[in-house]
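Asks: Let me give you the structure first, and then I'll get to my questions.
The values are calculated or read from the model by the stated rules, or taken from the named source; none is laboratory data. As the structure is a computational prediction, the values presented were derived from the model and not from experiment. All Cβ positions, glycine included, derive from the backbone under ideal geometry; neighbour counts span all protein chains shown. Please note that ligands, DNA and RNA were not included when accessible areas were found on the heavy atoms of the full protein model with its side chains. Shrake-Rupley method; radii C 1.70, N 1.55, O 1.52, S 1.80 Å.
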Amino acid sequence: MHNLTAFSGLFGGALIGLATAMLMLLTGRIAGISGIFGGLLPLRSSERGWRLAFIAGLIAAPLLAALGGMSLPNPTMPASLAVIAIGGLLVGFGSRMGSGCTSGHGVCGTARLSTRSIAATAIFMLVAIVVVAIVRHGIGG
Amino acid sequence: MPMMLASFLSGLIFGAGLLISGMTQPEKVLGFLDIFGAWDATLAFVMAGAVAVTSLGFALAKRRGTPVLTAKLQWPTRSDIDAPLVMGAALFGAGWGLVGLCPGPALVNLAGFGLPIIVFVVAMAAGMLGNDLWRDRRVSPGVAEGAAITPRADG
């Protein structure tokens, strides 16, 4: 448990909750990122304005932090671009097929006590745990 | 315009929350998913904080009945657990476990403009488009364009 950052996790999580609550209270929309982003793509394009504004806000967060002296995000990712591309394809295809991701199902759906969202969250958590076990420890692989 | 500003601010606060919580770092996410390694419980605290505040906000929204800036609260309506939900969640989980990124953190990380993150976001968009295209083909073979627009029920 040496990597645990409980306080910043709880505080950051509360901010995510605040953003989600605010979007519903003000605009009546669910803050599901895959749904918001997916609705900007050509085949299912709808209500592009607020969607673009929300995504712009997401990207502006680290840029504003950079103005305040923080460094821009530079995530540690797999060395192979092929693995990254496969991961991205799976995340995109799966979140669209399952109508949601960590935010729409994991946060909003769980907060609404939706059995559908809680089932989706349990499934993607479990599969992700198995994939990490295989990749990192070779368990079952 | 107020709708745009509200959405931008919501995205900004959401992004700040992801940055502060450490969830924009794939190694923090993978550390949580790695239950056989040096387990990092942070993601559970992030979820707890997010779900608690969201529940309060949603309860408030329900009591008000209507949102401040638009006519209607658009709650997801479906409650069935169907095959696309199960398959989709499983495929999403596989990609999430492979790289440690889901859509929100991926978009926040786009600000750093590194090649790996650009590849991830482009592939994610391609995956979404691929699913939309595949659904159109299945619903109405031959007439893919503009056919059968499925509402995004959950988010």
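Asks: Please state which one of A:G87, A:G68, A:G9 is more than 7 Å from every other protein chain (Cβ to nearest Cβ) and free of Cβ contacts under 8 Å to residues at least 12 places away in the same chain.
Replies: When all the criteria are applied, what remains is A:G68.
Asks: I want to confirm something. Restricting to the stretch A:15-48 and keeping residues that are surrounded by fewer than 21 Cβ atoms within 10 Å (Cβ to Cβ) and under 17 Å from the mean Cα position of the chain (by Cα), which single residue is nearest to the other protein chains (Cβ to nearest Cβ)?
Replies: The qualifying residue nearest to the other protein chains (Cβ to nearest Cβ) is A:G39.
Asks: Here's another thing I want to ask about it. Only one of these conditions is not met by B:M23: (1) open to solvent by less than 20 Å² (accessible area, probe 1.4 Å); (2) assigned to a helix (DSSP H, G or I). Which number is it?
Replies: Condition not satisfied by B:M23: (2).
Asks: Shifting gears a bit: Can you confirm whether the stretch A:65-74 contains a residue that is open to solvent by less than 50 Å² (accessible area, probe 1.4 Å) and assigned to a loop (DSSP other than H, G, I, E, B)?
Replies: Yes.
Asks: Which of the residues belonging to the stretch B:26-50 are open to solvent by 30 Å² or more (accessible area, probe 1.4 Å) and closer than 26 Å to A:R51 by Cβ?
Replies: The one that is open to solvent by 30 Å² or more (accessible area, probe 1.4 Å) and closer than 26 Å to A:R51 by Cβ: B:M47.
Asks: Could you tell me which numbered condition B:L43 fails, if it satisfies all but one of (1) facing another protein chain (nearest Cβ under 7 Å); (2) in contact with a Gly (Cβ under 8 Å, 6 or more places away or on another chain)?
Replies: Failed condition: (1).
Asks: Can you list the helices (runs of 4 or more DSSP H) lying wholly within the stretch B:58-147 that have 2 or more residues being at pLDDT 95 or above, more than 7 Å from chain A (Cβ to nearest Cβ) and at negative phi?
Replies: Output list reads B:103-109, B:115-139.
Asks: Would you check if B:G37 is free of Cβ contacts under 8 Å to residues at least 60 places away in the same chain, small (G, A, S) and part of a helix (DSSP H, G or I)?
Replies: In short, no.
Asks: If you check A:T27 against the conditions, is it touching a residue at least 12 places away in the same chain (Cβ under 8 Å) and polar (S, T, N, Q)?
Replies: yes
Asks: Considering only residues that are within 26 Å of B:A38 (Cβ to Cβ) and open to solvent by less than 10 Å² (accessible area, probe 1.4 Å), look in the stretch A:108-132 and name the one that is farthest from the chain's Cα centre (by Cα).
Replies: That would be A:V132.
Asks: Condition test on B:T24, is it within 7 Å of another protein chain (Cβ to nearest Cβ), polar (S, T, N, Q) and under 16 Å from the mean Cα position of the chain (by Cα)?
Replies: Judged against the criteria, B:T24 is a match.
Asks: Would you confirm whether any residue within the stretch A:91-104 is open to solvent by 30 Å² or more (accessible area, probe 1.4 Å) and at pLDDT 95 or above?
Replies: Yes, the stretch A:91-104 contains at least one residue that is open to solvent by 30 Å² or more (accessible area, probe 1.4 Å) and at pLDDT 95 or above.
Asks: With respect to A:L58, is the statement that it is surrounded by fewer than 23 Cβ atoms within 10 Å (Cβ to Cβ) and facing chain B (nearest Cβ under 7 Å) true?
Replies: Here the answer is no, as A:L58 does not meet what is asked.
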